[in-house]
1. Checking residue 88 against (1) part of a loop (DSSP other than H, G, I, E, B); (2) more than 20 Å from residue 112 (Cβ to Cβ), which test does it fail?
2. Return the residues of the range 48-83 that are surrounded by fewer than 11 Cβ atoms within 10 Å (Cβ to Cβ) and not hydrophobic (A, V, I, L, M, F, W, C); say none if nothing qualifies.
3. I need a count of the residues in the range 15-41 that are part of a strand (DSSP E or B) and touching a residue at least 24 places away in the same chain (Cβ under 8 Å).
4. For residue 93, indicate whether it is crowded, with 18+ Cβ neighbours inside 10 Å, in contact with a Lys or Arg (Cβ under 8 Å, 6 or more places away or on another chain) and either closer than 24 Å to residue 12 by Cβ or in contact (Cβ under 8 Å) with a residue 60 or more places away in the chain (or both).
5. Could you tell me whether the range 22-34 includes any residue that is more than 15 Å from the chain's Cα centre (by Cα) and on the phi > 0 side of the Ramachandran plot?
6. When you scan the range 96-112, do you find a residue that is surrounded by fewer than 18 Cβ atoms within 10 Å (Cβ to Cβ) and touching a Cys at 6+ places or on another chain (Cβ under 8 Å), even just one?
7. Collect the residues in the range 93-111 that are polar (S, T, N, Q) and not in a helix (DSSP H, G or I), keeping them in residue-number order.
8. Search the range 42-55 for residues that are within 17 Å of residue 68 (Cβ to Cβ) and pair each with any residue that is surrounded by fewer than 11 Cβ atoms within 10 Å (Cβ to Cβ) and of a type outside the set (Asp, Glu) when their beta-carbon atoms are under 9 Å apart and the residues are at least 6 apart or on different chains.
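Each value in this text was obtained by applying a stated rule to the coordinates, not by laboratory testing. Just so you know, these numbers come straight off a predicted model, no measurement behind them. Counting neighbours? That spans all protein chains shown, and the Cβs are built from the backbone with ideal geometry, glycine included.
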Amino acid sequence: MDVSVADVVLCEFYFSDLKQTKKRPVLVIKDDLPYSDFVGLPISSQMDFLQEDEYEINNEMFSIGGLPKTSKLSIRKPFIVSKSVVIKRYGRFKQTDYVNFRRLFCQYFNCLG
């Protein structure tokens with residue numbers, strides 16, 4: 001599936017035994033890596049406690065679509081994802097909210113935004 005920055009997608013990740021999987025939502029932060037990969041930030045609906053580098057997200061932040069429930073985005077855990085594990089697109093963040101999360105990501109990792 002084709003993905004773009006600011007998309008929130010559902011991905012199927014395999015456990016180390018390669019037999020069991022878990023489906024998780026991911027924010028696409030960079031979509032043009034080689035080998036059909038992208039950089040993603042994990043999203044979780046476990047809202048018991050927000051760390052200082054986790055941010056609440058809700059459906060008002062989406063220009064299209066949305067998530068089933070209010071969730072959090074973890075800035076400190078970026079990872080490389082193959083586009084082949086994308087199951088569906090939940091939606092896309094509004095440009096202003098995506099730019100804000102990208103700025104927070106770059107502040108956290110001291111990169112250029």
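1. Result: residue 88 passes all but (1).
2. Passing the criteria: 48, 51, 52, 60, 68, 69.
3. 14
4. The answer is no for residue 93.
5. No, there is no match, as no residue in the range 22-34 is more than 15 Å from the chain's Cα centre (by Cα) and on the phi > 0 side of the Ramachandran plot.
6. For the range 96-112, residues surrounded by fewer than 18 Cβ atoms within 10 Å (Cβ to Cβ) and touching a Cys at 6+ places or on another chain (Cβ under 8 Å): present.
7. 110 - this is the single residue of the range 93-111 that is polar (S, T, N, Q) and not in a helix (DSSP H, G or I).
8. Here the result reads 45/68; 45/69; 47/69, each pair linking the range 42-55 to a residue that is surrounded by fewer than 11 Cβ atoms within 10 Å (Cβ to Cβ) and of a type outside the set (Asp, Glu).
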